[in-house]
Amino acid sequence: MDEILDESVRDQLAARFRAYLDEACEADTADADAASAPDLFTLLAELSALKNEVKLESRQVKTALDEFRGLFDMLRDQQERLDEERARRRSAEHTADQHSQKELLLELLEVRDRLEAGHLQASRFRPGLLGRRKAKPFVASMAEGMAMNLRRLDESLARRGVKPLTVVGRPFDPHSMHATGVAADPDIPAGQVVEELRKGFLHQDALLRPAEVIVNRARAATRHEKPRLNT
(Lines give C-alpha, C1' and ligand atoms only; values in the text may rest on other atoms or scores of the structure.)
Protein backbone atom coordinates (compact mmCIF):
# COMPACT_ATOMS: atom_id res chain seq x y z
CA MET A 1 0.00 0.00 0.00
CA ASP A 2 2.82 2.35 0.79
CA GLU A 3 4.38 1.47 -2.48
CA ILE A 4 1.15 2.31 -4.36
CA LEU A 5 0.79 5.64 -2.59
CA ASP A 6 4.32 6.44 -3.26
CA GLU A 7 3.80 5.76 -7.01
CA SER A 8 0.67 7.92 -7.19
CA VAL A 9 2.43 10.72 -5.38
CA ARG A 10 5.27 10.48 -7.75
CA ASP A 11 2.86 10.75 -10.71
CA GLN A 12 1.17 13.80 -9.24
CA LEU A 13 4.47 15.45 -8.56
CA ALA A 14 5.64 14.71 -12.08
CA ALA A 15 2.43 16.15 -13.56
CA ARG A 16 2.75 19.30 -11.48
CA PHE A 17 6.37 19.65 -12.56
CA ARG A 18 5.47 19.29 -16.21
CA ALA A 19 2.73 21.89 -15.84
CA TYR A 20 5.18 24.20 -14.18
CA LEU A 21 7.67 23.76 -17.00
CA ASP A 22 4.97 24.44 -19.62
CA GLU A 23 3.93 27.65 -17.87
CA ALA A 24 7.56 28.72 -17.62
CA CYS A 25 8.13 28.13 -21.35
CA GLU A 26 5.00 30.09 -22.27
CA ALA A 27 6.08 32.98 -20.05
CA ASP A 28 9.57 33.01 -21.58
CA THR A 29 8.09 33.04 -25.14
CA ALA A 30 5.76 35.90 -24.30
CA ASP A 31 8.60 37.84 -22.72
CA ALA A 32 10.75 37.23 -25.79
CA ASP A 33 8.00 38.35 -28.15
CA ALA A 34 7.42 41.44 -26.08
CA ALA A 35 11.12 42.18 -26.03
CA SER A 36 11.53 41.67 -29.79
CA ALA A 37 8.50 43.74 -30.82
CA PRO A 38 9.50 47.43 -31.32
CA ASP A 39 7.57 50.18 -29.78
CA LEU A 40 5.57 52.75 -31.87
CA PHE A 41 8.23 55.48 -31.79
CA THR A 42 10.91 53.12 -33.06
CA LEU A 43 8.56 51.89 -35.80
CA LEU A 44 7.77 55.45 -36.94
CA ALA A 45 11.45 56.35 -36.93
CA GLU A 46 12.32 53.34 -39.05
CA LEU A 47 9.48 54.14 -41.47
CA SER A 48 10.67 57.75 -41.78
CA ALA A 49 14.24 56.62 -42.44
CA LEU A 50 13.01 54.15 -45.04
CA LYS A 51 10.95 56.89 -46.71
CA ASN A 52 13.94 59.24 -46.86
CA GLU A 53 16.07 56.46 -48.31
CA VAL A 54 13.46 55.75 -50.99
CA LYS A 55 13.31 59.48 -51.86
CA LEU A 56 17.08 59.63 -52.14
CA GLU A 57 17.21 56.59 -54.37
CA SER A 58 14.40 58.03 -56.48
CA ARG A 59 16.35 61.25 -56.97
CA GLN A 60 19.44 59.29 -57.94
CA VAL A 61 17.44 57.21 -60.42
CA LYS A 62 15.87 60.38 -61.91
CA THR A 63 19.30 62.01 -62.20
CA ALA A 64 20.68 58.93 -63.91
CA LEU A 65 17.70 58.82 -66.30
CA ASP A 66 18.17 62.52 -67.14
CA GLU A 67 21.85 61.92 -67.83
CA PHE A 68 21.07 58.92 -70.02
CA ARG A 69 18.38 60.91 -71.84
CA GLY A 70 20.85 63.71 -72.53
CA LEU A 71 23.39 61.18 -73.71
CA PHE A 72 20.85 59.53 -76.01
CA ASP A 73 19.82 62.93 -77.42
CA MET A 74 23.46 63.79 -78.08
CA LEU A 75 24.03 60.44 -79.79
CA ARG A 76 20.89 60.93 -81.90
CA ASP A 77 22.00 64.41 -82.95
CA GLN A 78 25.44 63.11 -83.85
CA GLN A 79 23.88 60.28 -85.86
CA GLU A 80 21.63 62.74 -87.72
CA ARG A 81 24.60 64.97 -88.52
CA LEU A 82 26.55 61.94 -89.66
CA ASP A 83 23.68 60.84 -91.90
CA GLU A 84 23.42 64.35 -93.37
CA GLU A 85 27.17 64.41 -93.98
CA ARG A 86 26.99 61.04 -95.68
CA ALA A 87 24.08 62.22 -97.83
CA ARG A 88 26.00 65.37 -98.83
CA ARG A 89 29.08 63.29 -99.60
CA ARG A 90 27.07 60.85 -101.73
CA SER A 91 25.42 63.77 -103.53
CA ALA A 92 28.79 65.41 -104.16
CA GLU A 93 30.26 62.13 -105.40
CA HIS A 94 27.23 61.58 -107.64
CA THR A 95 27.56 65.11 -109.04
CA ALA A 96 31.29 64.61 -109.64
CA ASP A 97 30.62 61.28 -111.35
CA GLN A 98 27.96 62.87 -113.54
CA HIS A 99 30.32 65.72 -114.44
CA SER A 100 33.14 63.31 -115.30
CA GLN A 101 30.77 61.12 -117.29
CA LYS A 102 29.41 64.14 -119.14
CA GLU A 103 32.92 65.29 -120.08
CA LEU A 104 33.78 61.79 -121.33
CA LEU A 105 30.58 61.58 -123.37
CA LEU A 106 31.20 65.01 -124.88
CA GLU A 107 34.68 63.91 -125.91
CA LEU A 108 33.20 60.79 -127.50
CA LEU A 109 30.73 63.01 -129.36
CA GLU A 110 33.64 65.07 -130.69
CA VAL A 111 35.20 61.85 -131.98
CA ARG A 112 31.86 60.95 -133.51
CA ASP A 113 31.66 64.32 -135.25
CA ARG A 114 35.07 63.73 -136.83
CA LEU A 115 34.13 60.22 -137.92
CA GLU A 116 30.86 61.44 -139.40
CA ALA A 117 32.59 64.32 -141.21
CA GLY A 118 35.26 61.97 -142.56
CA HIS A 119 32.65 59.46 -143.70
CA LEU A 120 30.67 62.23 -145.42
CA GLN A 121 33.76 63.51 -147.24
CA ALA A 122 34.75 59.99 -148.27
CA SER A 123 31.25 59.32 -149.56
CA ARG A 124 31.27 62.53 -151.61
CA PHE A 125 34.80 62.04 -152.94
CA ARG A 126 34.97 61.97 -156.75
CA PRO A 127 38.48 61.22 -158.10
CA GLY A 128 39.71 62.56 -161.42
CA LEU A 129 39.77 60.53 -164.61
CA LEU A 130 43.42 59.51 -164.23
CA GLY A 131 43.21 58.24 -160.70
CA ARG A 132 39.64 56.91 -160.69
CA ARG A 133 40.51 53.21 -160.92
CA LYS A 134 42.92 53.18 -158.00
CA ALA A 135 41.35 55.90 -155.80
CA LYS A 136 37.72 54.83 -156.00
CA PRO A 137 38.10 51.38 -154.33
CA PHE A 138 40.41 52.82 -151.69
CA VAL A 139 38.07 55.69 -150.81
CA ALA A 140 35.06 53.33 -150.82
CA SER A 141 36.74 50.92 -148.42
CA MET A 142 37.81 53.84 -146.19
CA ALA A 143 34.23 55.16 -146.17
CA GLU A 144 32.94 51.70 -145.30
CA GLY A 145 35.40 51.41 -142.41
CA MET A 146 34.39 54.82 -141.09
CA ALA A 147 30.73 53.88 -141.33
CA MET A 148 31.39 50.70 -139.36
CA ASN A 149 33.27 52.58 -136.66
CA LEU A 150 30.51 55.18 -136.56
CA ARG A 151 27.87 52.50 -136.04
CA ARG A 152 29.87 50.90 -133.24
CA LEU A 153 30.33 54.24 -131.54
CA ASP A 154 26.62 55.01 -131.81
CA GLU A 155 25.81 51.61 -130.30
CA SER A 156 28.23 52.25 -127.42
CA LEU A 157 26.67 55.67 -126.80
CA ALA A 158 23.16 54.20 -126.94
CA ARG A 159 24.08 51.62 -124.28
CA ARG A 160 25.07 54.53 -122.05
CA GLY A 161 21.74 56.29 -122.57
CA VAL A 162 22.90 58.74 -125.24
CA LYS A 163 20.55 59.34 -128.15
CA PRO A 164 20.45 62.03 -130.88
CA LEU A 165 17.92 64.82 -131.05
CA THR A 166 15.52 65.01 -133.98
CA VAL A 167 15.41 68.67 -135.02
CA VAL A 168 15.00 69.03 -138.81
CA GLY A 169 11.41 69.88 -139.70
CA ARG A 170 10.53 70.79 -136.12
CA PRO A 171 9.94 74.18 -134.48
CA PHE A 172 13.00 75.84 -133.05
CA ASP A 173 13.49 75.08 -129.34
CA PRO A 174 15.93 77.48 -127.63
CA HIS A 175 16.40 75.02 -124.75
CA SER A 176 17.84 72.26 -126.93
CA MET A 177 19.02 74.13 -130.04
CA HIS A 178 21.39 76.92 -131.00
CA ALA A 179 20.52 78.90 -134.11
CA THR A 180 23.73 79.53 -136.05
CA GLY A 181 22.04 80.76 -139.22
CA VAL A 182 18.71 81.63 -140.81
CA ALA A 183 17.02 80.76 -144.09
CA ALA A 184 14.26 82.49 -146.01
CA ASP A 185 12.16 79.81 -147.64
CA PRO A 186 8.58 80.96 -148.33
CA ASP A 187 7.35 77.37 -148.48
CA ILE A 188 8.49 76.56 -144.94
CA PRO A 189 6.83 77.98 -141.82
CA ALA A 190 8.75 80.60 -139.91
CA GLY A 191 10.68 79.25 -136.94
CA GLN A 192 11.07 75.77 -138.38
CA VAL A 193 14.49 74.08 -138.46
CA VAL A 194 15.59 73.54 -142.05
CA GLU A 195 19.10 72.16 -141.52
CA GLU A 196 21.23 70.63 -138.80
CA LEU A 197 24.86 71.67 -138.77
CA ARG A 198 25.85 69.80 -135.61
CA LYS A 199 23.90 67.02 -133.96
CA GLY A 200 22.44 67.46 -130.53
CA PHE A 201 22.18 64.62 -128.02
CA LEU A 202 20.28 63.64 -124.90
CA HIS A 203 21.66 61.62 -121.99
CA GLN A 204 19.09 59.85 -119.84
CA ASP A 205 16.42 62.26 -121.19
CA ALA A 206 18.55 65.26 -120.12
CA LEU A 207 20.22 67.59 -122.60
CA LEU A 208 23.84 66.59 -123.14
CA ARG A 209 24.71 68.80 -126.11
CA PRO A 210 22.46 71.26 -127.96
CA ALA A 211 22.03 70.99 -131.69
CA GLU A 212 23.36 73.73 -133.98
CA VAL A 213 20.73 74.46 -136.59
CA ILE A 214 19.58 76.82 -139.29
CA VAL A 215 16.09 78.22 -138.74
CA ASN A 216 13.70 79.54 -141.33
CA ARG A 217 12.48 83.07 -140.77
CA ALA A 218 9.35 84.82 -141.98
CA ARG A 219 9.69 86.43 -145.37
CA ALA A 220 9.14 90.16 -145.11
CA ALA A 221 6.12 91.30 -147.09
CA THR A 222 6.73 93.90 -149.81
CA ARG A 223 4.91 97.18 -149.90
CA HIS A 224 2.49 96.05 -152.65
CA GLU A 225 1.96 92.54 -151.23
CA LYS A 226 -1.19 91.94 -149.29
CA PRO A 227 -1.15 89.51 -146.38
CA ARG A 228 -2.77 86.19 -147.06
CA LEU A 229 -5.98 85.38 -145.26
CA ASN A 230 -6.59 81.93 -143.91
CA THR A 231 -9.68 80.41 -145.54
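Key figures
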read-out	value
Filter result (crowded, with 17+ Cβ neighbours inside 10 Å and either among the β-branched types (Val, Ile, Thr) or in a strand (DSSP E or B) (or both)) within the range 195-213	196, 201, 203, 208, 209, 211, 212, 213
Test: residue in the range 70-88 that is within 30 Å of residue 203 (Cα to Cα), assigned to a helix (DSSP H, G or I) and aliphatic (A, V, I, L, M)	yes
Hits in the range 98-128 (condition: small (Gly, Ala, Ser) and in a helix (DSSP H, G or I))	100, 117, 118, 122, 123
Checklist (1) among the small types (Gly, Ala, Ser); (2) open to solvent by 60 Å² or more (accessible area, probe 1.4 Å); (3) not in a helix (DSSP H, G or I) applied to residue 169, failing item	(2)
Boolean, residue 157 is touching a residue at least 12 places away in the same chain (Cβ under 8 Å), closer than 24 Å to residue 104 by Cα and open to solvent by 50 Å² or more (accessible area, probe 1.4 Å)	no
Failed criterion for residue 150 (all others in (1) free of Cβ contacts under 8 Å to residues at least 24 places away in the same chain; (2) open to solvent by less than 70 Å² (accessible area, probe 1.4 Å); (3) not in a loop (DSSP other than H, G, I, E, B) hold)	(1)
Odd one out for residue 131, checked against (1) at pLDDT below 85; (2) open to solvent by 100 Å² or more (accessible area, probe 1.4 Å)	(2)
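The values are calculated or read from the model by the stated rules, or taken from the named source; none is laboratory data. Please read these numbers as outputs of a predicted model, since none were measured by experiment. Note: ideal-geometry Cβ built from the backbone for every residue, glycine included; neighbour counts use all protein chains shown. Heads up: the accessible areas ignore ligands, DNA and RNA and are worked out on the full protein's heavy atoms, side chains in. Shrake-Rupley method; radii C 1.70, N 1.55, O 1.52, S 1.80 Å.
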